[in-house]
1. Restricting the first residue to the stretch A:48-77 and requiring it to be open to solvent by 90 Å² or more (accessible area, probe 1.4 Å), which pairs with a second residue that is in a helix (DSSP H, G or I) meet a Cβ separation below 9 Å and a spacing of at least six or different chains?
2. Could you list all residues from the stretch B:178-190 that are in contact (Cβ under 8 Å) with a residue 60 or more places away in the chain and either basic (Lys, Arg) or surrounded by fewer than 19 Cβ atoms within 10 Å (Cβ to Cβ) (or both)?
3. What residue, of B:VAL224, B:VAL208, B:VAL198, B:VAL219, is in contact with a strand residue (DSSP E or B) (Cβ under 9 Å, 6 or more places away or on another chain) and either without any contact (Cβ under 8 Å) to a residue 12 or more places away in the chain or open to solvent by 30 Å² or more (accessible area, probe 1.4 Å) (or both)?
4. How many residues does the stretch A:671-687 hold that are of a type outside the set (S, T, N, Q) and open to solvent by 10 Å² or more (accessible area, probe 1.4 Å)?
5. Answer yes or no: is there a residue in the stretch A:748-765 that is outside any helix (DSSP H, G or I), surrounded by fewer than 24 Cβ atoms within 10 Å (Cβ to Cβ), at pLDDT 95 or above and under 23 Å from the mean Cα position of the chain (by Cα).
6. Give, as residue ranges, the strands (runs of 3 or more DSSP E) completely inside the stretch A:96-208 that count at least 2 residues that are within 32 Å of the chain's Cα centre (by Cα) and of a type in the set (A, V, I, L, M).
7. Please go through (1) open to solvent by less than 60 Å² (accessible area, probe 1.4 Å); (2) at pLDDT 95 or above for A:PRO9 and return the number of the only condition it doesn't satisfy.
8. For residues that are more than 19 Å from A:ASP642 (Cβ to Cβ) and within 14 Å of chain A (Cβ to nearest Cβ), scanning just the stretch B:187-208, find the one that is farthest from the chain's Cα centre (by Cα).
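The values are calculated or read from the model by the stated rules, or taken from the named source; none is laboratory data. All values derive from a computational prediction rather than experimental measurement. Quick reminder, even Gly has a Cβ in these numbers, built from the backbone with ideal geometry, and neighbours come from all protein chains shown. SASA here: full protein model, heavy atoms, side chains in, ligands and nucleic acids out. Shrake-Rupley method; radii C 1.70, N 1.55, O 1.52, S 1.80 Å.
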Amino acid sequence: MTGKVFGQPIPRLEDQFLLTGTAKFIDDIEIPGMVHAAFLRSDYAHARIKKIDYSAALKRPGVIAVYTAEDFGDYWRPGPLQVPPPTAIKGSQFNARPLVPIAKDKVRFSGEPLAVVIAESRYIAEDAFDDIIVDLEPLPAVVDLEEAWENKPALVHDDLGTNMAALVKQERGNYEEARAKADVVISRKILVNRNAAAAMENRGFVVNWDEREQEMTVWATTQAPIPLRNTIAARLGLFENQVRVITPFIGGGFGPKIMTSQADDVLLPWIAMKLKRPIKWIEDRRENFLATTSERDQVHYAEIALTKDGVILGVKDVFYHNTGAYDPYGMTVPLNTQTHTISNYRVPSFYTEIRMVFTNQMVVTPVRGAGRPEGVFVMERLMDAAARELNMDPAEIRLKNLLEPNELPLRTGIIGQDFVEGVLDSGNYKANLQKLMEMVEYEKFRKEIQPALRAQGKHVGMGIVCFTEGTAVGPYEGARVTIGGNGKVSVATGISTQGQGHFTVFAQIVAEQLGVKAEDVNVVTGDTAHFHWGAGTFASRGAAVAGTAIYNAAVKVREKIFATASKWLEVPPEQIELGDGKVWVKGKPEQFITLGDLAFRANPTRGVIEPGVEPGLEATGYYGPPYGATGAGAVAMIVEIDPETMELKIKRFVIVHDCGTVINPLLLEGQVEGGVSMGIGNAFYEKMVYDENGQLLTASFMDYLMPQATDMPPKIEIGHLTTTSPLNPLGIKGVGEAGAIPTPSAFVQAVEDALFEYQLEIPESNLSPSKIFEYVQKASKKG
Amino acid sequence: MLPEFDLVMPRSLNEALQVLAAGSPEVLPIAGGTNLTVDMRSGRYEPKVVVDIEKLPELKGIRRENGQICVGGGVTIAELLKDGLVAETAPVLKSACALFANPLIRNRATVGGNLVDGSPAADTAPSLLALDAEIELTSQDGKRRLPLDEFFIHVRKTARQPNELVTALRWALPKPGTGSAFYKLGLRKADAISVVSVAVVLEAEKGVCRKARIALGSVAPRPVRAKNAEEFLTGKLLKKEVFEEAAALTAQAVSPISDVRASAEYRRRMSAVLTRRMLEQAAEQTGWKE
């Protein structure tokens, strides 16, 4: 019998390809006659384009064509917006400035494409940059968020008359009333610094227009193959089924690869049709830093009102959000910030205001966490400040204010990125924190371990924080499950994969339903020829939304198996058993039929198709949640700091996490650990720094440091709780972003605790030894 | 991407020097290429000809020579790291090599290349300065030797002429009663550019400092020695207060900048902190107990 597969820690099925180097990535694709594209990019962040003269480049041997915005004629068009404006929020203002594929008249960020060169090789294409005369008139760069809001020192979009990209106010309860009743009101300015996604593989795009077939094939490193296909088809006036988008293996997504309507996917298909040559573009690392979207960068003015016993009465948060030069992805990131600020705490009154600004920096779209780490950081900083002010223990004040399970589901009154009111569907937030405190031996640490270490002169501190992760949002995903004549199962879904382990967990879902081994389930993701409905891989929704669609399809196939087998075995369905790739009559294992044979008989045989029955052991399933499922957790970390150099070691990292039903504990740990490493990077290593001219100073891995294995804590200790989501039949919540969300909050608290004698209050999310030194210097001067 | 260039692969040092003499400054030598390929890709250097000196036997080898250690300019960091003679006679250099980039880079990068790059953050520079190393530069016109301290001029400026190659580095065998220590403060455990690095070599007799060398990286336009602190230490009894004074003097000898990695103030302070710590460690090795 096939054993239980669902919920088991089976190793990843895709690793056989990845680890043996046989997996196909986008740069492996070679097509006869293929030419190469390279983008000439602006060095200036803000400039008027006076002239671009590429006539000399055309004379260079091997150069096939050069295009600037003008050369695309009417085809040049901004956008469309990938995420619509937040019209569901009353009174919201949103100024749509979707991405332009290639700069026209004006450059708005450093790295924006000015010209695209097509040549026989990438080398020739890049050499041809030297032949192009670019005359740009530099303009003052808009960099500072608060100045930008005041329309200083310039306008990013002149026609708009303002740098305001959006203004969104949401409130539940009445903050001002709550404030009036409060014993204590604490206000803070809090910054969340900017980070890159920095996937191991950069972006890439290959397009082949087959003139005779009148079909276009696109290979792309996209997280959204179906939206990408739809926009390409619409732009070129083709039917959707004339464009096939294929995602090969992808080396990491983390958010920015969701973007469509960029230079590559807008311009290259058009050029491929003109030239009738396949085109390849592979992004290099510098391009990735400059011109692939990144995230965070908010300035918050936040306030918390409490009773003297530490009960929260209200929170107010007015924040500036940097959307960069355009706002193609709507307001997903700042709306996530709004929904995740108060998250798992009981906050009767909450006022939150987004001031989204255009700047002369790269566009901001979700990066793992996507606005959630910002909200959590602000709230946890406020909780820390409150604990200090009220002389309370940081865990105690949190326990006091966490929602109880019986208060859920809770309508939050705040509309989120999916344009519906946020609902905390399920969870046991206090239990998360309590389990964490046990795991980290909280009382013992505070009462024995820490005092003893301090007595030895050691600077060891703990940070302890809580978080939620809104996951599994709509609109929907779909899948088709088919049993083949070979007795194995094929699954096709519209989302694409960037390393999460979809091939394994989806196989587990299906194997469990259809009584086959997980390795006999072949999963195809992100190929529009295999499945052509869906949205994409984002918001920790793969397992919960596509996984549920797959489950729904598998359940239908299971029903079909029983119905068809009932005919062939001539017994009622209740007397049939399924397992080991076959069905048999209960108690009579010799009366069996394999799923492969059954699949054959379910297809061409006369008499199978009756009204209401479709051919084959195949079914399609969909799932669209009414709102997202919310995961939650708590993190404690212990750090030791060298009080002179401010070098730091993470001694322990403990995370308790609840993402509902677990499909595969091994992969879940991988997801959590990956998120934590990104969170540690965000807190202490990785920082994107733009200077006053809008130049990115950290545009290589020399200056943008990712934490490495040797920088990680010796072990990431993970505890699980399971509160199943009532929103889907499997009870799943997402987990992909979990680790990245709380880590910076825990990190700064731990640093403050380690250096307790300075009474530091660190108002920003990204630290370094030099930064901590600065804060200590300031505190020493004060004290 | 790399610009176009001709690659010349000479069989001997003489051939290499000929090519350099004929074409410099548009000819650049390449050994490990860990700096040069990056710089060519970014457009900082656009040589017409690149001369591959990686395999030249004349640039290889670590040996004892007339009471000195002699290291070929083309010796890789990995070779230095695993060499017994280096470990025994110049542990301060070995420590620097252990923190140099990562194993892949160490297998390619050469000590000569690390120095001619002229980076104030060159990982081997402080240790070699503290060892009072001498650098040998060779051109078709002959060889010349100069103290490494005279080799560094400014950011990406050294005394190397375009027609010269670094053929060797030499330093004296340590005297009895020598202690040394090295520390690199980076923002990551491996693969990080130093924020501050300090190398210290002390020679002492019965606890009295006979000679001190303190050299620092990433705190000035070139790797620097804290000569004021070195002079101060000479003749002093090695003890805590003396180290603190020397550390304070070191902080005066540096001229750091602020950048994305750290502030100038932090670098200056760390110059003192790390110098004090390295002096303490080095003093302990001299066999003297306060």
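1. A:LYS59/A:ASP131; A:PRO61/A:ILE124; A:ARG77/A:ARG235; A:ARG77/A:VAL266
2. Hits for the stretch B:178-190 are B:LYS184, B:ALA190.
3. B:VAL208
4. Residues meeting the conditions: 6.
5. Yes - at least one qualifying residue is present in the stretch A:748-765.
6. Fully inside the stretch A:96-208 and qualifying: A:113-119, A:164-172, A:184-192.
7. Just one mismatch for A:PRO9, condition (1).
8. B:ASP191
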